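Peer 1: A single structure is presented below for examination.
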Amino acid sequence: MTKDKLTLYLAAPRGFCAGVDRAIKIVEMALEKWGAPVYVRHEIVHNKYVVDSLRELGAVFVEELDECPADRPVIFSAHGVPKAVPAEAARREMVYVDATCPLVSKVHIEAERHHANGLQMVMIGHAGHPETLGTMGQLPEGEVLLVETEADVAGLEPRDPAKLAFITQTTLSVDDTAGIVAALKARFPAIVGPHKEDICYATTNRQESVKAIAPKVDAILVIGAPNSSNSKRLVEVGASAGCSYSQLVQRATDIDWRALDGIRSVGITAGASAPEVLVNEVIDAFRDRYDVTVEPVETAVERVEFKVPRVLREPA
């Protein structure tokens, strides 16, 4: 039987960013150095395939530090943790390794600098997301006000409207965040912003690539986890950039083939914590059903690398 022709537009960049790559390497190197089990507070990155793979090697994933025995190493996830967490680990004399993405750490440092200068912080982010909790937890209670939408800006009640600064979660929609920043500046003209955009290079690049693909395709599939902020933003960006069918799939088995009936072109990308093996799995699934042509769409080249912490580079 002859297969229908289908063009897959493959976004580049896609998948692992430097922060995710570093975090996974930290867990692997910790297992090599100290042996199993090594504990990890929260999923190291938001991807089930990655977490399950590391679990098979001997990583034990927990939600809170009190679930970890004091005599085994613990790793803090790439999303960052409140200051109270390493302080408690130090109090318990635990060996700990911080896998917080350096670009998230940059936002933490920024918040502390503004706080030291007497400014109250406004954080643009998603309530309950580990990165938001970690960033807000860098400062004392009440020093960081959270906004998720432009509408939230109207309800803000800062201590002093003339002494405010804002920071953002690193994985937000660039376009949505611009609207919230504009609302903040309109209501609080003296508000201080970051020297350089908080939304990270990888988030921005992946969103730009989806914007380039969206007008060309009948459907966009974003490979990523449902708890991955940057993956969910890619789905939204695809829809707002003109693709009526923009969906998140964890892997090939999640594809709704009936919804894709009659299509001729599909855009494929992957969130920053989704490994390339899952992208290849999706492409192979399309090849099983269609006569596939793959067209790469490259909008940026990434050469960023982050070093792992020194404790893992030193001999045991």
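None of the figures in this text is laboratory data; all of them are computed from the coordinates on show. Nothing here was measured: the structure is a model prediction, and the numbers come from that model. So basically every Cβ, Gly included, is an ideal-geometry build from the backbone, and we count neighbours across all protein chains shown.
Peer 1: Can you list residues whose amide H is under 5 Å from Y9's amide H, if they're 5+ apart or on another chain and H is modeled 1.01 Å from N?
Peer 2: Here the answer is V266, G267, I268, E295, since their amide H atoms fall under 5 Å of that of Y9.
Peer 1: Right, next: Among F166, A151, H126, which residue has its Cα furthest toward the positive end of the charge dipole of region 103-187, with +1 on Lys/Arg Cβ and -1 on Asp/Glu Cβ?
Peer 2: It is F166, whose Cα lies furthest towards the positive end.
Peer 1: Which value at 222 nm does the chain reach when only helices count, each DSSP H run of 4 or more adding -39,500 (n - 2.57), with the total divided by all residues and rounded to the nearest 500 deg cm²/dmol?
Peer 2: Numbers: 11 runs with 119 residues, N = 316.
Rounded to the nearest 500, it is -11500 deg cm²/dmol.
Peer 1: Okay, moving on. Please turn the phi angles of region 193-199 into ³J(HN,Hα) values with the Karplus equation 6.51 cos²θ - 1.76 cosθ + 1.60 (θ = phi - 60°), one per residue in order, whole Hz, x for glycine and proline.
Peer 2: After applying 6.51 cos²θ - 1.76 cosθ + 1.60, I find x, x, 4, 10, 2, 6, 4 Hz.
Peer 1: Could you tell me the center-to-center distance, by alpha carbons, between region 142-177 and region 1-69 in angstrom?
Peer 2: Region 142-177 and region 1-69 have Cα centres spaced 31 Å from each other.
Peer 1: Under 20 Å from the Cα of K196, which lysines turn up, not counting those fewer than eight places away in the same chain?
Peer 2: K106, K163, K185
Peer 1: Then there is this: Which peptide among 55-66, 142-153, 36-47 comes first, and what is the full order, when sorted by highest mean count of other Cβ atoms within 10 Å? Intermediate values should be presented prior to the final figure.
Peer 2: Values: 55-66: 13.8, 142-153: 16.0, 36-47: 22.6.
By packing density, highest mean first, the sequence is 36-47, 142-153, 55-66.
Peer 1: Further question: Rg and Dmax of region 103-187, using alpha carbons, in Å: what are they?
Peer 2: 11.8, 30
Peer 1: Sequence neighbours fewer than 8 away in the same chain don't count; with that in mind, list the lysines whose C-alpha is under 20 Å from K232.
Peer 2: Once the sequence-local lysines are set aside, what remains near K232 is K48, K211.
Peer 1: About the Cα centre of the chain, what is the dipole size in debye to 20, counting +1 per Lys and Arg Cβ and -1 per Asp and Glu Cβ, all else neutral? Mind showing how you got there, number by number?
Peer 2: Numbers: 34 positive and 45 negative charges, 120 e Å.
So the dipole magnitude of the chain works out to roughly 580 debye.
Peer 1: Here is a further query. Residue separation times 0.36 nm, minus the C-alpha to C-alpha distance between T2 and H195: what's the value?
Peer 2: Numbers: separation 193, 0.36 × 193 = 69.48 nm, distance 5.65 nm.
Using 0.36 nm per residue and subtracting the Cα-Cα distance, I get 63.8 nm.
Peer 1: Note down the nm distance, to one decimal, between modelled labels 7 Å out along Cα→Cβ at A300 and at E64.
Peer 2: Calculated label separation equals 3.8 nm.
Peer 1: What residues have an amide H closer than 5 Å to that of V40, excluding those fewer than 5 places away on the same chain, when H is modeled at 1.01 Å from N in the peptide plane?
Peer 2: Here the answer is V60, F61, V62, I75, since their amide H atoms fall under 5 Å of that of V40.
Peer 1: For K185 and E281, FRET efficiency with R0 = 45 Å and r from the beta-carbon atoms, rounded to 0.05? Write down the numbers at each step before the final one.
Peer 2: On the way: r = 44 Å, r/R0 = 0.98.
The value I calculate is 0.55.
Peer 1: While we're on this one: How long are the three semi-axes of the equivalent ellipsoid for region 18-101, computed from the Cα gyration tensor as the root of 5 times each eigenvalue, in whole Å, largest first? Walk me through the numbers on the way to the answer.
Peer 2: On the way: eigenvalues 67, 41, 24 Å².
So the three semi-axes of region 18-101 are 18, 14, 11 Å.
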